[in-house]
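Asks: Here it is: the structure, laid out below.
None of the figures in this text is laboratory data; all of them are computed from the coordinates on show. Keep in mind it's a predicted model, so treat the numbers as computed, not measured. All Cβ positions, even for glycine, are placed from backbone atoms using ideal geometry, and neighbour counts span all protein chains on display.
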Amino acid sequence: MHSKILFRTVFRLGEIYASDSEDLGHELHQTRRLLQRKQQSGMPNLSSIVELAVFLEPHKDVFQELFRLLRIAIALPVSSAACEQSFSALKLIKTHVRKTMTDDRLSNLGVLSIESRRAKSLEMDKFIKVLPPTIKTEESI
């Protein structure tokens, strides 16, 4: 996203959540300078709002307005697409055969389906090694 568009978007969010626009402007300017310096020293580009929030977390007292808006942006769904995606995933999971499963299991499967990219990146062998011996895995059945 182009930096001018990004700045306008952050300022609009700041207006909605009553941020001090002058402080926010200074914080955005300093954040851009800080990121440029870090990238020149070999740090990879940040690719998400969450990564930016994690990067700024040690400096949250200095970047108060920006850090607060980042936390809000992370917590808010961007649109109803997240809700629609959740219901769509649940519809796919809860087939005729699985109607007898508990709500807890359905909820867990829903999270796995929605977060499928993250779930696929997990190393399942590490999880299996820490399972108590009383839990049977597919391999041991």
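Asks: For residue 44, what is the net charge nearby, where nearby means another residue's Cβ is under 11 Å from its Cβ and Lys, Arg count +1, Asp, Glu -1?
Replies: Spelling it out: positives minus negatives among the neighbours equals 0.
Asks: Using Cα positions and a limit of under 12 Å, work out the aspartates and glutamates in reach of residue 126, with same-chain residues fewer than 8 apart set aside.
Replies: Cα-Cα hits under 12 Å: none found.
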